[in-house]
Amino acid sequence: MKQSRHNYLVSLVLMIAVAWFASCSTPKDVAYFQDASALNGMATQAEQQLRLRPEDKINIVVNSSNPMLEQQFTLTTANTSRTLGPAIVARSTAGSSSGNTQVMAYTVDEQGTIEFPVLGKISVGGKTRKDVAQYIKQRLIDRELVSDPIVTVEYVNMGVNVLGEVSHPGRIDITKDHFTIVDALSYAGDMTINGNRCNILVARQVDGANQVYTLDMTNMQQVLNSPAYYLQQNDLVYVSPNNKRKREANATGNTFNSPSIWISIASLLTTITALILK
């Protein structure tokens, strides 16, 4: 009889111990790109550059050996009376022959155009920064307006929104032509330990319709070949919570991870043991 009681008690303790370790185990899907070692030499999609859209804002600076020409083709707060199209004062500054001045930003209209001094309307929609700079440079040379132009195009207030289980959620400025999901997560301070690495959502406007992509950051091949690997302006990145985080958000969902419940169970086991051994 005592032996059977002893076996019952041991079995009960083992069951509780298994439950304890299971509740405290670390999820295996925490590390990024778990298949990376198998992908050496794998072909990936071509790099995708940002292309201008309506409502985007850009700075355009024309530099030349002739300071007077620079002032004519670079809109600044010093010559706003010559502004020909929609423009706002940019946050960045650009050097000129007279010192540092604030550069005005062009806003791309609904037709994908901007109004540029002397040259008039210029189509920039669907073009990269490099495309726009090269086009303006060639037009200035062809019309013999500037013989040696150096044209620089910069983004203004262009970014993506990163929300959910990241260290620093919010809007992140796009700082380069090839801006990836890895860049966005890095600027956001990386995912928290409670972020679901297998369920990263990227919401995007495509031809006036919403498109949502799902990324699995543990699967490098899937991420690198996803249309959402290269982000576009105004994309929304959402890192969903893992199961542990969801349980913590529930008042009773994480009961078995609470020390108090295990103290109560231990007390109950002590009582049961005392009754069995009587």
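The values are calculated or read from the model by the stated rules, or taken from the named source; none is laboratory data. Being a predicted model, the structure only gives us computed values, none of them experimental. A quick note on method: Cβ atoms are made from the backbone with ideal geometry, for glycine too, and the neighbour counts reach across all protein chains shown.
Of the strands (runs of 3 or more DSSP E) that lie entirely inside region 116-187, those containing 3 or more residues that are more than 30 Å from residue 68 (Cβ to Cβ) span 159-164, 170-173. Is it the case that residue 142 is surrounded by fewer than 21 Cβ atoms within 10 Å (Cβ to Cβ), more than 27 Å from residue 225 (Cβ to Cβ) and modelled with pLDDT of 90 or more? For residue 142, the condition - surrounded by fewer than 21 Cβ atoms within 10 Å (Cβ to Cβ), more than 27 Å from residue 225 (Cβ to Cβ) and modelled with pLDDT of 90 or more - is met. The residues listed here are 200, 150; of these, the one that is exposed (fewer than 15 other Cβ atoms within 10 Å of the Cβ) and in contact (Cβ under 8 Å) with a residue 40 or more places away in the chain is 150.
Test residue 207 against the stated conditions and say whether it is more than 30 Å from residue 69 (Cα to Cα), touching a residue at least 12 places away in the same chain (Cβ under 8 Å), acidic (Asp, Glu) and out of contact with any Lys or Arg (no Cβ under 9 Å at 6 or more places or on another chain).
no
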